[in-house]
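J.: Please find one structure pasted underneath; my questions will follow.
Read-outs: derived from the displayed coordinates by stated rules, not from any lab. What you see is a predicted model; the values in this text were computed from it and never measured. Every residue, glycine as well, gets a Cβ built from its backbone with ideal geometry; the counts of neighbours run over all protein chains shown.
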Amino acid sequence: MRLEEQLLSRAREALGRLRGVRRPETVDIFERLGYILPGDLRVRGYGRAPVAAFNPGALLRGRELWVFPRLVFDYHGYASSVGFFKLDAEAALSGGLRGPFEAQLLLWPRELWEFKGCEDARVSEAGGRLLVLYTGYGHHWRGESLETMWVQALAELDGGLRVVRRGFFRIAGGGEVLTPRMKDSALLEVGGSGAALLCRPTLGGLQVCWRGFADLAELTIDASSMQPVLVHEEWETHVGWSTNAVKISSNEYLVGWHGVLRGDLSYREGLALVSGDGELLAVSDYLLAPRGPVEEYGDRPLVIFGDGLAVRGDRLIWVGGVSDYAIGLFAADLDEALERLRWLSGAAGP
């Protein structure tokens, strides 16, 4: 059996086995702290103003909240880049942010496989490096045919936020190397050149959430380590990981996920608790959903999406994209968020 068929068989088996752990209920526990519109950003060194700024990664550095938005400067072609700006975390939590904010470009299309855009960053720190997972949307040669698809990319940045390396992941096993459509990933434990990884490849049109082990030097995921851990329920079209993973104990990480509802195609968000190797320990129902015209109406309506999660004191901060045009800042009580998690059978509860 070829590698893709093996993985697809695992995904299909998991679809029947893992369904039924969530309910189609939304209890929105997040306070709206404010919104950052494209016009609130001043991008230095480029000379143009973004028409959209959304789906931001985030990283908490002391009192500073580092934000890595997806920026679009032209709707014609819609080629995305990844930018960077800083916020005062305490001002954000108090709702006291005031723009404009000075931003810069970090990643823009430079390779064939990201020719149509660098999208949806999730940011982690490891060994003094910034590791930026992002979606590379571009072209790939298949023989003499040029195919357009997205891949799970990784950029490594030095202390000056300069890109020192970029590439994209493949899945390797049994002498085969597979390049699937893949996005919506998060890094967990990073040790040397290896890391536990949450990922979401598309296999045979099926999109479920996996865990696995990645070689960050070779940019490969070991197929033998890959296991599905979260699947869409009957009322959803698909699910995916939404945010970076935040370590909250010695072997527990909090990560956001999204489900897309069949009824209205809205994106709604929940939280999951995973172990250091990606085992799903607990999961919530929907805890964050778009509401009101600011969040519901944009270039792609009815979306709150990723990409940044942070914990400051007793507050959980979610920095998310709003209907593909703006950035929303949301916060919840951390204990309340954890109380909304449903522990899975076989997982050791709190």
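J.: Between residue 177 and residue 104, what is the label-to-label distance in nm when each label sits 7 Å out along the Cα-to-Cβ direction?
T.: If labels sit at residue 177 and residue 104, their model points lie 3.3 nm apart.
J.: Let's test the formula: R0 of 30 Å, r as the Cβ-Cβ distance of residue 218 and residue 291. What FRET efficiency results, to the nearest 0.05?
T.: 0.10
J.: Next question. Using the Cα gyration tensor of the stretch 268-328, with a ≥ b ≥ c the square roots of its eigenvalues, what is the shape: rounded (a/c below 1.5), prolate (a/b larger than b/c) or oblate (neither)?
T.: Prolate is the answer for the stretch 268-328, as a/c is 1.5 or above and a/b outweighs b/c.
J.: Additional query: Extending each Cα 7 Å along its Cβ direction at residue 234 and residue 112, get the distance between those two points in nm, one decimal.
T.: 4.6 nm
J.: Give me the percent relative contact order of the chain, please, defined on Cα pairs under 8 angstrom at least 6 residues apart.
T.: 17 percent
J.: Pick from 56, 201, 100: which residue has the top mean-square fluctuation in a GNM of the chain where Cα pairs under 10 Å get a spring?
T.: 100
J.: How much length is gained if the chain between residue 158 and residue 277 is pulled fully straight, taking 0.36 nm per residue apart and subtracting their Cα-Cα distance, in nm to one decimal?
T.: 40.2 nm
J.: Could you run the Karplus curve 6.51 cos²θ - 1.76 cosθ + 1.60 with θ = phi - 60° over the stretch 246-254 and give me ³J(HN,Hα) per residue in whole Hz, x for Gly and Pro?
T.: Here the 3J(HN,Hα) series is 10, 6, 10, 7, 4, 9, 9, 10, 9 Hz.
J.: Also, I was wondering about something else. Given 0.36 nm per residue, what is the gain on full extension from residue 250 to residue 64 after removing their alpha carbon distance, in nm?
T.: Extra length from residue 250 to residue 64 when fully extended: 64.6 nm.
J.: Using the Cα centre of the chain as the reference point, and only Cβ charges (+1 on K/R, -1 on D/E), how large is the resulting charge dipole? Debye, rounded to the nearest 20.
T.: Computed charge dipole of the chain: roughly 460 debye.
J.: Select from the stretch 85-158 those GluC sites (Glu not before Pro) which occupy a DSSP coil region and have at most 12 other Cβ atoms within 10 Å, ordered by residue number.
T.: Listed in order of number, the matching sites are 144.
J.: For every helix of n ≥ 4 consecutive DSSP H residues, a contribution of -39,500 (n - 2.57) applies; sum these over the chain, divide by its total residues, and give [θ] at 222 nm rounded to the nearest 500 deg cm²/dmol.
T.: My calculation for the chain gives -2500 deg cm²/dmol from helical runs alone.
J.: Can you give me the C-alpha center-to-center distance between the stretch 189-222 and the stretch 289-346, rounded to a whole angstrom?
T.: 24 Å
J.: On to the next question. Report the label-to-label distance for residue 44 and residue 343 in nanometres (one decimal), using points 7 Å from each Cα along the Cα→Cβ vector.
T.: Going by the 7 Å Cα→Cβ label model, 5.0 nm.
J.: Turning to a different aspect of this structure: Quick one: in the stretch 3-343, what % of C-alpha pairs are over 26 Å apart?
T.: 44 percent
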